[in-house]
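A short write-up of the structure that comes next.
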Amino acid sequence: MRRPGEILLVSTYELGHQPHGLALPRAFLERAGFAPACLDLAVEPLDPARVAAARLVALSVPMHTALRLGLEAAARVRALNPAAAIAFHGLYAPLHADLLLAAGAVAVLGGECEEELVALAAALEGGADLARFVQRGGDAAPRARLDFPVPSRAGLPALSRYARLAAADGTLQVAGYAEATRGCKHLCRHCPIPPVYRGRFVAVPVETVVEDVARQVALGAAHVTFGDPDFLNGPTHALRVARAVHARFPALTFDFTAKVSHLVAHAGAVAELARLGAVFVTSAVESLSERVLAALDKGHDRAAALAAFRACAAAGVPLRPTLVPFTPWGTLDDLVDLLDVLDAEGMLPNLDPVQLSIRLLIPPGSLLERAPGIAFEGLDAAALTWRWRHPDPRMDALQPRIAAEVEAGAARDAPPLETIARVRALVLAAAGLPHRHVRVLAPDQRRVPRLTESWFC
């Protein structure tokens, strides 16, 4: 197991970032004396030679899209190397343990899984029983604090092959990725994190984060995404990290993700983060409907969401929202209202068009499985989600039309506001309302910074 390539770490998709789900497990394994190879199927083809050499293939599944692609990759691995042991690790693995075992996995790990991955490699090396390496749901909750090494990124595909920062002046900057914390102390019902972390989060030492960033700057990064589920779960830690990074790399910019309630409660921290190089923040606004926000247990209301938009704008850190416009509780009137309010607040330029097409995913194990008022229609095994029907047929008819419009806009590289205007026309037509004009930026106007790959699950 210790010869180079006998362990193969595979990533399928990490939102356009160089995979942390390869770099961090690799560092743990290397520290223990193993020599894993890596493969990122988002930017490189499945290599039959690397698969054939592997005794253990570990697939990273931190999100829904990665899980679907990971199952496809596992089937190809099994065909190329039937003798290889297959493991899945990441947030979505323990939620789908039975499915993954049926697909041929011998191990399913989630949460703080890296030491368990090292133990799995040692168990395979020694011929030990592997039963303890199957975790389900809350069984994957972190039990002990890990000693984090610096992620091992040498030899991974170049940062230039991944999503870039589209800066306000229109230039594209090479972007890296780091994590200062893992897990989350909140329990939003539609999120995959609560069933695994159960309201806990773990801080990564400041010096470890800074060194990871430094190595990526050496590889060409001019910007870094802090991909923590919520960078402000520990605002003091977040500021320590940002101050240390800024002290070492004053020209480096960054973005982060934070909960609406944290952006409002820690407005002073957000303002300091802006001074330290933050150029935008992603936040799971999800909806402006009080009914939807309550159903999702988001921990914020409409007023707080609008306050967060304004506070971030005042601090100079534009808020880029994620949305879930299509839920069992949202109405067509809610969608009309959402677009009207974002327009009135001048926030449409902050919006990625794909966010207007998102339909709620309810995977097996989700806290929403027991939510009242959802018309479930069975499990879609291929899509790894429960099917549900909206009480208003217009909403179920509208969502695929919006998705097609967004896809068409992306294919022709249309300005985001142009696509949003087209989507808004579809929404107004579905509601029987007259068309309303959306202002589109002239080519020479400054734009809200963003990554070239949109945030979604």
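Computed from phi, the 3J(HN,Hα) profile of the stretch 69-77 under the Karplus parametrisation 6.51, -1.76, 1.60 (θ = phi - 60°) reads 5, x, 5, 5, 5, 4, 5, 5, 4 Hz, with x in place of Gly and Pro. When DSSP beta bridges are restricted to pairs lying wholly in the chain, around 25% turn out antiparallel.
Net length available on complete extension from GLU345 to ALA408 is 20.0 nm, with 0.36 nm assigned per residue and the Cα-Cα distance removed.
Does the stretch 235-367 come out rounded, prolate or oblate by the C-alpha gyration tensor, with a ≥ b ≥ c the root eigenvalues, rounded set by a/c under 1.5 and, if not, prolate when a/b is larger than b/c and oblate if not? Judged from the Cα gyration tensor, the stretch 235-367 comes out prolate (a/c at least 1.5, a/b above b/c). Based on the alpha-carbon gyration tensor of the stretch 7-138 and its eigenvalue square roots a ≥ b ≥ c, which shape applies: rounded if a/c is under 1.5, prolate if not and a/b is larger than b/c, or oblate? In terms of gyration-tensor shape, rounded. Of the residues HIS435, HIS266, the one with the fewest other Cβ atoms within 10 Å heads the list, and the complete ranking is HIS435, HIS266. Of the trypsin sites (Lys or Arg not before Pro) in the stretch 1-46, the ones in a loop by DSSP (not H, G, I, E or B) with at most 15 other beta carbons within 10 Å are ARG2.
Relative protection proxy for 269-282, 71-84, from highest mean packing down: 269-282, 71-84 (other beta-carbon atoms within 10 angstrom).
Which whole-number percent is the relative contact order of the chain (Cα, under 8 Å, 6+ apart)? Intermediate results must be reported in sequence, preceding the final value.
Details: 882 pairs, mean separation 57.2, N = 457.
Relative CO of the chain lands at 13 percent.
A simple spin-label model places the labels of ALA103 and ALA128 2.6 nm from each other, with each point 7 Å out along Cα-to-Cβ. Relative to the longest principal axis of the Cα atoms of the chain, helix 20-31 runs at roughly 20 degrees.
Determine the gain in length on full extension of the stretch ARG370-ARG248; use 0.36 nm per residue of separation and subtract their C-alpha separation, reporting nm with one decimal. Please report the intermediate quantities before stating the final value.
Values: separation 122, 0.36 × 122 = 43.92 nm, distance 4.83 nm.
Using 0.36 nm per residue and subtracting the Cα-Cα distance, I get 39.1 nm.
What FRET efficiency comes out for the pair GLU207/ALA429, r = Cβ-Cβ distance, R0 = 56 Å, nearest 0.05? Each step should come with its number before you reach the end.
Details: r = 55 Å, r/R0 = 0.99.
Rounded to the nearest 0.05, the efficiency is 0.50.
Full extension of the chain between ALA119 and ASP396 yields a length gain of 95.1 nm, computed as 0.36 nm times the residue separation minus the alpha carbon distance. Helix 332-344 and the longest principal axis of the C-alpha atoms of the chain enclose an angle of approximately 80°.
For the stretch 7-138, what's the relative contact order in percent, using C-alpha pairs closer than 8 Å and at least 6 residues apart?
Values: 229 pairs, mean separation 31.3, N = 132.
Relative contact order here is 24 percent.
Could you calculate the FRET efficiency of ARG291 with ALA49 from 1/(1 + (r/R0)^6), where r is the beta carbon distance between them and R0 is 60 Å, rounded to 0.05? In this case the efficiency is close to 0.65.
Under 1.5 on a/c is rounded, so check that first for the stretch 310-457, then, if it is not, pick prolate when a/b is larger than b/c and oblate when it is not; a ≥ b ≥ c are the square roots of the alpha carbon gyration tensor eigenvalues. It comes out prolate by the Cα gyration axes.
For the chain, the longest principal axis of the Cα atoms and the long axis of helix 302-315 meet at an angle of about 80 degrees. Placing a pseudo-label 7 Å from each Cα along the Cα-to-Cβ vector at ALA314 and ASP337 gives an inter-label distance of 2.4 nm. Taking each DSSP H run with n ≥ 4 as -39500 (n - 2.57) and averaging over every residue of the chain yields -11000 deg cm²/dmol at 222 nm.
Can you put PHE256, PHE34 in order of Cβ neighbours within 10 angstrom, beginning with the fewest?
Fewest-to-most Cβ neighbours within 10 Å comes out as PHE34, PHE256.
Under 14 Å from a label point set 7 Å out along the Cα-to-Cβ vector of GLU30, the amide N atoms of the stretch 147-190 belong to 149-157.
The phi torsions of the stretch 424-435, fed into the Karplus equation with coefficients 6.51, -1.76 and 1.60 and a -60° offset, translate into couplings of 4, 4, 5, 5, 5, 5, 5, 8, x, 10, x, 5 Hz, rounded to whole numbers, with Gly and Pro shown as x.
Scalar couplings 3J(HN,Hα) for the stretch 365-372, obtained by applying the Karplus form with A = 6.51, B = -1.76, C = 1.60 to θ = phi - 60°, are x, 5, 5, 7, 4, 9, 6, x Hz; x denotes Gly and Pro.
Which whole-number percent is the relative contact order of the stretch 161-217 (Cα, under 8 Å, 6+ apart)? Relative contact order of the stretch 161-217: 30 percent.
Read-outs throughout are calculated quantities, based only on the coordinates presented, and are distinct from any laboratory measurement. All values reported here derive from a predicted model rather than from experimental measurement. Positions of Cβ are generated from backbone atoms using ideal geometry, with glycine treated the same way; all protein chains shown enter the neighbour counts.
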